[in-house]
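Single-structure report; data block below.
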Amino acid sequence: MQKLWLIKDSRPALRDSLASKLNISSVTAQLLVNRGIDNPGSASEFLNASLSSCHDPFLLKGMDKAVSRIRRAIAKKEKILVYGDYDVDGMTSVAITCSALRILGANVDTYIPNRVEEGYGLNNNAIKRSHANGTSLIITVDCGITSFKEIDQAKAFGIDVIITDHHEIADGRVPDACAVINPLQPGCDYPFKHLAGVGLAYKLVKALYDGTPHFAEDFLDLVSLGTVADIAPLLGENRTLTKHGLAELNARGRAGLKALMDVAGLGTRDISSGHIGFALGPRINAMGRIGSPQKALDLLMCEDESEAMKLARILDTENRNRQKIEAKIVDEAMAKVEREVNFKHHRVIVLASENWHPGVIGIVASRITDRFYRPAIVISLDGKLGKGSGRSIEHFHLFEYLMRCKDLLAGFGGHEAACGITIEKDNIDAFRDRINAEAAKDVDEAIFSEKLDIDMDIPLNMLNEDVIREIENLSPFGTENPRPVLSSRRLTVKDGPRHIGKNGAKMWVTDGRITCEAITFNRSRFNIPKTGSDTDLAYIPSLNDWQGVRSIQLELLDMR
């Protein structure tokens, strides 16, 4: 099915003003405008991405209380437990917080629950064990904002809890903890609301390091890893922290991450946000999905190169196992969609099975969403209870629709784009009917047509090396700051297409003034035209260096 091309409004007066004042190309200026950056000050700040532009951590509601309580615990040698989530965001958050506390002299331990046996968030058994071990302070990272009962139990044991979490807050209520750090909570005036869990952990460390000779910036490589892997929007502080964190990653100063890059086949390559999303993040996540998350945490905190390589190989092996499990479930789930889903009535796909590993259902949901362009919730059943994971599409706020079905759920959490649920088996059919009925009330059918957002339609000859370098300076790319997509019309296929690799193709196109190589690694998606044919292309431009020759390359996204 051909995608609907949506070319953003050009706003030429604003674009040309930015281009003139910042001495940049009109293409780059338009890309900034498309990202909501519409004045020279904010544009300059975006392009420079200086750490000095980041906000004071003490602007976060609850930070003063948290820092005071932690400093008291350090001074009195109390036992502190850092309790995190089993995904990349959670594990990097634990690694940063624990490492910083140890540097400050704290008596600290860590805990990451097992996804299958314990599930997400604080749990009562872990709190009981902490109490038995003499823990008097628990710091949650990337979780805790929905753990009302568990925090009440901790208080009954005399354990203080500090929550750091970035997830949505249901009904504006937060647990009765010693301190809550979440920019989404009522009364928090922190200017940037979209920090990942690891971003909040970094802010806590930044505040704890205030007045000491230590630097929270030493952890920016881990911040970039967790932020990108959690698909946090790469604008504002997230982009600034990630940009500087990628520089730290490329310095390869952390033994564990260097080993992970080596086993991922990245060697000495320049690491980008894409490498985190497709190579590093999945290997860490695999341990939280089907293995031991402690191994991944050990890798992140490892300082010995030999031990780091052993751990990196374990992560790589588990990731391969995860891929095999995932592939089997994806095939079963796709077949189930074809048999059971009526797209005229099902705006949200809800699938359940007793044969699906709970550790990979989030990835399966993502695959279904990508394939059918519908929100998808995939549930793994274990007896009478199911654990589900959901992924959404643009303009469908998944968490809000779960709120409308909360009486049918044993538990849920998440945000606009993703969620986790716990549900009784007997409620699944009612939940499927309810969420689809709610979606039918106020969801425009048009959102289910796959679209291609295009930043700008340009003559091909507007591209040159300087313009593409400017475009690359908008990186790191990711959610809400995607790689820029351009389109050019009435191009002629000058040569090709030629097959490359297993399923790739390349050809050369011209507008009569310049000629560029256009390439895809999935030629089955396109009806590729023959030499001499005319075509319109949507693409991502880049510079390609091959045997010392630099040229403009177009990564094909669509053609017509």
Item checked: Per-peptide average of other Cβ atoms within 10 Å, ordering 174-180, 299-305 highest first -> 174-180, 299-305
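Provide the packing ranking of 240-251, 400-411, 334-345, 145-156, i.e. peptides ordered by the mean count of other C-beta atoms within 10 Å per residue, highest first.
Numbers: 240-251: 21.4, 400-411: 16.2, 334-345: 11.8, 145-156: 19.3.
Put in order of decreasing packing, that is 240-251, 145-156, 400-411, 334-345.
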Next item on the list: Would you kindly state how much longer the chain becomes between R371 and D210 on full extension, computed as 0.36 nm times their sequence separation minus their alpha carbon distance, in nm to one decimal?
Entry: 53.2 nm
Check: If we count every other residue with Cβ under 12 angstrom of G388's Cβ, Lys/Arg +1 and Asp/Glu -1, where does the sum land?
Finding: +2
Note to self: At a 10 angstrom cut-off on C-beta neighbours, averaged per residue, how do the peptides 281-291, 480-490, 431-441 rank from highest to lowest?
What the structure shows: 281-291, 480-490, 431-441
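Evaluate the charge dipole of the chain about its Cα centre and quote only its size in Debye, nearest 20, assuming +1 on the Cβ of each Lys and Arg and -1 on the Cβ of each Asp and Glu. Don't skip to the answer; put the middle values down first.
On the way: 70 positive and 75 negative charges, 152 e Å.
My answer is approximately 720 debye.
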Checklist line | Label point distance in nm, I103-R513, each placed 7 Å from Cα along Cα→Cβ | finding: 5.2
Margin query: Amide H of A352 versus every other amide H placed in the peptide plane: which residues, excluding those fewer than 5 positions away on the same chain, fall under 5 Å?
Written below: I379
Notebook entry, point to check: To the nearest 0.05, what FRET efficiency results for H499 and A170 with a Förster distance of 56 Å applied to their C-beta separation?
Noted result: 0.60
Notebook entry, point to check: In degrees, nearest 10, range 0 to 90: what is the angle between the Cα axis of helix 220-229 and the longest Cα principal axis of the chain?
Noted result: 70
Item checked: Table column - 3J(HN,Hα) (Hz), the stretch 417-430, Karplus curve with 6.51, -1.76, 1.60, x for Gly and Pro -> 9, 8, 8, x, 9, 10, 8, 6, 3, 5, 9, 5, 4, 5
Check: Once amide H atoms are built 1.01 Å from N in the peptide plane, which residues 5 or more positions from V161, or in another chain, come under 5 Å H to H?
Finding: I138, C178, A179
Checklist line | Projected label distance in nm at N461 and L47, using a 7 Å step from Cα toward the beta-carbon | finding: 2.6
Margin query: Taking the 0 to 90 degree range and rounding to the nearest ten, how far is the long axis of helix 281-290 tilted relative to the main principal axis of the chain, both from C-alpha atoms?
Written below: 50
Check: Quick one: of the DSSP bridges fully inside the chain, what percent are antiparallel, nearest 5?
Finding: 60
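For the chain, what is the calculated [θ] at 222 nm in deg cm²/dmol (nearest 500), taking -39500 (n - 2.57) for each run of four or more DSSP H residues and dividing by its residue count? Walk me through the numbers before you get to the answer.
Numbers: 18 runs with 219 residues, N = 560.
The helix contribution divided over the chain gives -12000 deg cm²/dmol.
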Margin query: Show me, for the stretch 129-146, the HN-Hα J-couplings you get by feeding each phi into the Karplus relation (A = 6.51, B = -1.76, C = 1.60, θ = phi - 60°), rounded to Hz, glycine and proline as x.
Written below: 5, 4, 4, 4, 7, x, 5, 10, 9, 10, 10, 8, 10, 6, 6, x, 6, 10
Notebook entry, point to check: At what distance in angstrom do the alpha carbon centres of the stretch 284-309 and the stretch 400-419 lie from each other?
Noted result: 31
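Suppose R0 equals 30 Å; then what is the FRET efficiency for K8 and D270 from their Cβ-Cβ distance, rounded to the nearest 0.05? Let's see the in-between values first.
Numbers: r = 29 Å, r/R0 = 0.97.
E between K8 and D270, to the nearest 0.05, is 0.55.
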Note to self: If you average the C-alpha positions of the stretch 147-185 and of the stretch 47-77 separately, how far apart do those two centres end up, in angstrom?
What the structure shows: 18
Notebook entry, point to check: What is the helix-to-structure angle for 197-208, meaning the angle in degrees between its Cα long axis and the longest Cα principal axis of the chain, kept from 0 to 90 and rounded to the nearest 10?
Noted result: 60
Item checked: Additional length obtainable on full extension of the chain from Q294 to S136, 0.36 nm per residue less Cα span -> 54.7 nm
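Give the shape of the stretch 57-235 as rounded, prolate or oblate, defined through the alpha-carbon gyration tensor: a ≥ b ≥ c are the square roots of its eigenvalues, a/c under 1.5 means rounded, and otherwise the shape is prolate if a/b is larger than b/c and oblate if not.
Numbers: a/c = 1.31, a/b = 1.11, b/c = 1.17.
Rounded is the answer for the stretch 57-235, as its axis ratio a/c remains below 1.5.
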Checklist line | Cross-link pairs K193/K324; K258/K502; K77/K203; K3/K441; K193/K406; K149/K406 - those with Cα-Cα distance over 28 Å | finding: K193/K324; K258/K502
Next item on the list: Between beta-carbons, use under 10 Å as the cut-off and find the net charge around I552, counting Lys and Arg +1, Asp and Glu -1.
Entry: -1
Check: Residue farthest toward the positive end of the dipole of the stretch 252-325, with Cβ of Lys/Arg at +1 and Asp/Glu at -1: which of I325, S306, P282?
Finding: I325
Check: If you compute semi-axes √(5λ) of the Cα gyration tensor in Å for the structure shown, which of (i) 46, 40, 20; (ii) 58, 25, 19; (iii) 40, 29, 23 do you land on?
Finding: (iii)
Next item on the list: Specify whether the C-alpha gyration tensor of the stretch 252-325 places it in the rounded, prolate or oblate class, a ≥ b ≥ c being the square roots of the eigenvalues: rounded for a/c under 1.5, otherwise prolate if a/b is larger than b/c and oblate if not.
Entry: oblate
Check: Check G413: other-chain or 5+ apart residues with amide H under 5 Å from its amide H, H built from backbone geometry?
Finding: G420
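Rule-based calculations on the coordinates, nothing more; no lab input. Nothing here was measured: the structure is a model prediction, and the numbers come from that model. In this analysis, Cβ positions are derived from the backbone assuming ideal geometry, glycine residues included, and neighbour counts consider all displayed protein chains.
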